[in-house]
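In what follows, a structure is listed as C-alpha coordinates, so that the remarks can point back to it.
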Amino acid sequence: MGKKRVIQKSGDTTGQQKSTATKARGAVPYAIAHIQATYNNTKISITDDKGGLVAWSSAGALGFSGAKKATPFAAARVVEALVEKTKKMQFERMNIRVSGVGSGRDSAIRALANHGFPIASIKDVTPVPHNGPRPKKVRRV
(Lines give C-alpha, C1' and ligand atoms only; values in the text may rest on other atoms or scores of the structure.)
Protein backbone atom coordinates (compact mmCIF):
# COMPACT_ATOMS: atom_id res chain seq x y z
CA MET A 1 0.00 0.00 0.00
CA GLY A 2 2.85 2.37 0.65
CA LYS A 3 3.36 5.00 3.27
CA LYS A 4 0.60 7.36 4.29
CA ARG A 5 1.36 11.03 4.18
CA VAL A 6 0.72 13.14 7.22
CA ILE A 7 0.27 16.81 6.46
CA GLN A 8 1.03 19.12 9.34
CA LYS A 9 -0.37 22.62 9.42
CA SER A 10 2.27 25.20 10.13
CA GLY A 11 0.94 28.01 12.29
CA ASP A 12 -2.33 29.88 12.29
CA THR A 13 -3.21 31.67 9.05
CA THR A 14 -6.44 33.35 10.13
CA GLY A 15 -4.96 36.83 9.90
CA GLN A 16 -3.74 36.33 6.35
CA GLN A 17 -6.13 36.45 3.42
CA LYS A 18 -5.32 35.41 -0.10
CA SER A 19 -7.05 37.44 -2.75
CA THR A 20 -5.57 36.36 -6.03
CA ALA A 21 -8.89 36.15 -7.84
CA THR A 22 -9.99 39.70 -7.17
CA LYS A 23 -7.81 42.51 -8.36
CA ALA A 24 -8.18 45.95 -6.84
CA ARG A 25 -8.77 48.40 -9.66
CA GLY A 26 -8.82 52.13 -9.18
CA ALA A 27 -9.60 54.76 -11.74
CA VAL A 28 -9.41 53.58 -15.34
CA PRO A 29 -8.78 56.76 -17.32
CA TYR A 30 -9.46 55.39 -20.80
CA ALA A 31 -12.02 52.66 -21.42
CA ILE A 32 -13.50 50.94 -24.46
CA ALA A 33 -17.06 49.59 -24.43
CA HIS A 34 -17.52 46.72 -26.87
CA ILE A 35 -21.19 46.20 -27.76
CA GLN A 36 -22.08 43.05 -29.67
CA ALA A 37 -25.72 43.16 -30.71
CA THR A 38 -26.80 40.05 -32.59
CA TYR A 39 -30.22 38.78 -33.56
CA ASN A 40 -30.17 36.48 -30.52
CA ASN A 41 -28.37 38.33 -27.72
CA THR A 42 -26.73 41.59 -26.61
CA LYS A 43 -23.30 41.44 -24.96
CA ILE A 44 -21.37 44.41 -23.58
CA SER A 45 -17.81 44.31 -22.24
CA ILE A 46 -15.71 47.18 -20.93
CA THR A 47 -11.95 47.01 -21.34
CA ASP A 48 -9.08 49.29 -20.42
CA ASP A 49 -6.76 50.86 -22.99
CA LYS A 50 -4.51 47.77 -23.09
CA GLY A 51 -7.44 45.42 -23.77
CA GLY A 52 -7.73 43.99 -20.27
CA LEU A 53 -11.30 43.14 -19.33
CA VAL A 54 -12.75 45.35 -16.59
CA ALA A 55 -16.41 44.24 -16.59
CA TRP A 56 -18.86 42.41 -18.84
CA SER A 57 -22.51 41.48 -18.96
CA SER A 58 -25.04 40.03 -21.36
CA ALA A 59 -28.78 39.71 -21.62
CA GLY A 60 -28.58 35.93 -21.26
CA ALA A 61 -26.55 36.26 -18.06
CA LEU A 62 -29.25 38.51 -16.59
CA GLY A 63 -31.95 35.88 -17.05
CA PHE A 64 -33.52 36.89 -20.34
CA SER A 65 -34.30 33.89 -22.52
CA GLY A 66 -35.25 33.27 -26.10
CA ALA A 67 -36.15 36.19 -28.32
CA LYS A 68 -36.28 38.58 -25.33
CA LYS A 69 -32.47 38.61 -25.14
CA ALA A 70 -32.21 40.71 -28.29
CA THR A 71 -34.72 43.42 -27.30
CA PRO A 72 -33.79 47.04 -26.59
CA PHE A 73 -35.14 46.64 -23.04
CA ALA A 74 -32.69 43.82 -22.36
CA ALA A 75 -29.81 45.95 -23.71
CA ALA A 76 -30.74 48.74 -21.28
CA ARG A 77 -30.75 46.26 -18.38
CA VAL A 78 -27.30 45.03 -19.43
CA VAL A 79 -25.98 48.58 -19.16
CA GLU A 80 -27.54 48.93 -15.69
CA ALA A 81 -25.75 45.76 -14.60
CA LEU A 82 -22.46 47.20 -15.88
CA VAL A 83 -23.08 50.43 -13.99
CA GLU A 84 -23.41 48.40 -10.77
CA LYS A 85 -20.15 46.56 -11.51
CA THR A 86 -18.18 49.72 -12.33
CA LYS A 87 -19.45 52.06 -9.60
CA LYS A 88 -16.03 52.68 -8.07
CA MET A 89 -14.21 53.29 -11.35
CA GLN A 90 -14.06 56.81 -12.71
CA PHE A 91 -13.76 56.82 -16.46
CA GLU A 92 -12.32 60.01 -17.91
CA ARG A 93 -13.20 59.02 -21.44
CA MET A 94 -14.89 56.07 -23.11
CA ASN A 95 -14.88 54.94 -26.71
CA ILE A 96 -17.70 52.72 -27.93
CA ARG A 97 -17.29 50.00 -30.56
CA VAL A 98 -20.55 48.55 -31.86
CA SER A 99 -20.65 45.26 -33.72
CA GLY A 100 -23.69 43.47 -35.11
CA VAL A 101 -27.09 44.29 -36.50
CA GLY A 102 -29.36 43.52 -33.54
CA SER A 103 -32.05 45.80 -32.19
CA GLY A 104 -30.20 46.44 -28.92
CA ARG A 105 -27.36 48.48 -30.35
CA ASP A 106 -29.03 51.91 -30.25
CA SER A 107 -30.61 51.49 -26.84
CA ALA A 108 -27.31 50.28 -25.37
CA ILE A 109 -25.55 53.44 -26.58
CA ARG A 110 -28.36 55.64 -25.24
CA ALA A 111 -28.30 53.87 -21.89
CA LEU A 112 -24.52 54.32 -21.60
CA ALA A 113 -24.92 58.04 -22.30
CA ASN A 114 -27.82 58.40 -19.85
CA HIS A 115 -25.88 56.78 -17.01
CA GLY A 116 -23.15 59.41 -17.25
CA PHE A 117 -20.33 57.63 -19.04
CA PRO A 118 -18.08 60.20 -20.79
CA ILE A 119 -18.42 59.07 -24.41
CA ALA A 120 -15.62 60.28 -26.67
CA SER A 121 -16.42 58.38 -29.86
CA ILE A 122 -18.74 55.76 -31.32
CA LYS A 123 -17.41 53.42 -33.99
CA ASP A 124 -19.21 50.73 -35.97
CA VAL A 125 -16.91 47.72 -36.36
CA THR A 126 -19.43 45.30 -37.89
CA PRO A 127 -17.57 43.02 -40.31
CA VAL A 128 -18.68 43.46 -43.92
CA PRO A 129 -17.75 40.89 -46.59
CA HIS A 130 -15.99 42.32 -49.64
CA ASN A 131 -16.76 39.45 -51.97
CA GLY A 132 -18.59 36.73 -50.08
CA PRO A 133 -18.93 33.03 -50.78
CA ARG A 134 -19.42 31.52 -54.20
CA PRO A 135 -23.08 31.59 -55.33
CA LYS A 136 -25.11 28.43 -55.80
CA LYS A 137 -25.02 26.82 -59.21
CA VAL A 138 -28.06 27.23 -61.46
CA ARG A 139 -30.82 24.71 -60.88
CA ARG A 140 -31.60 22.56 -63.91
CA VAL A 141 -34.89 20.66 -64.11
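For the reader, a short list of remarks on this structure follows.
- Contacts under 9 angstrom Cβ, first residue in the range 118-140 being in contact (Cβ under 8 Å) with a residue 24 or more places away in the chain and more than 12 Å from Ala33 (Cβ to Cβ), partner open to solvent by 100 Å² or more (accessible area, probe 1.4 Å) and in a loop (DSSP other than H, G, I, E, B), 6 or more apart: none
- Residue among Arg105, Arg110 that is among the charged types (D, E, K, R) and buried (at least 16 other Cβ atoms within 10 Å of the Cβ): Arg105
- Flag if Ser57 is in a strand (DSSP E or B) and at pLDDT 90 or above: yes
- Taking each residue of the range 57-78 that is closer than 13 Å to Tyr39 by Cα and looking for partners that are of a type in the set (Ser, Thr, Tyr) and assigned to a helix (DSSP H, G or I) with beta-carbon atoms closer than 7 Å, six or more apart or interchain, yields Pro72/Ser107; Ala75/Ser107.
- For the range 85-102, the count of residues that are β-branched (Val, Ile, Thr), open to solvent by 30 Å² or more (accessible area, probe 1.4 Å) and touching a residue at least 24 places away in the same chain (Cβ under 8 Å) is at least one.
- Within the option set Gly63, Gly51, Gly102, being more than 15 Å from the chain's Cα centre (by Cα), at positive phi and part of a loop (DSSP other than H, G, I, E, B) holds for one residue only, Gly63.
- Filter pass, Ala31 being touching a helix residue (DSSP H, G or I) at 6+ places or on another chain (Cβ under 7 Å), at pLDDT 90 or above and closer than 28 Å to Pro118 by Cα: no
The values are calculated or read from the model by the stated rules, or taken from the named source; none is laboratory data. Keep in mind the model is a prediction, meaning the values are calculated, not measured. Using ideal geometry, Cβ is built from the backbone for each residue, glycine included, and neighbour counts are taken over all protein chains shown. Protein only, heavy atoms only, side chains kept; ligands, DNA and RNA dropped before computing areas. Shrake-Rupley method; radii C 1.70, N 1.55, O 1.52, S 1.80 Å.
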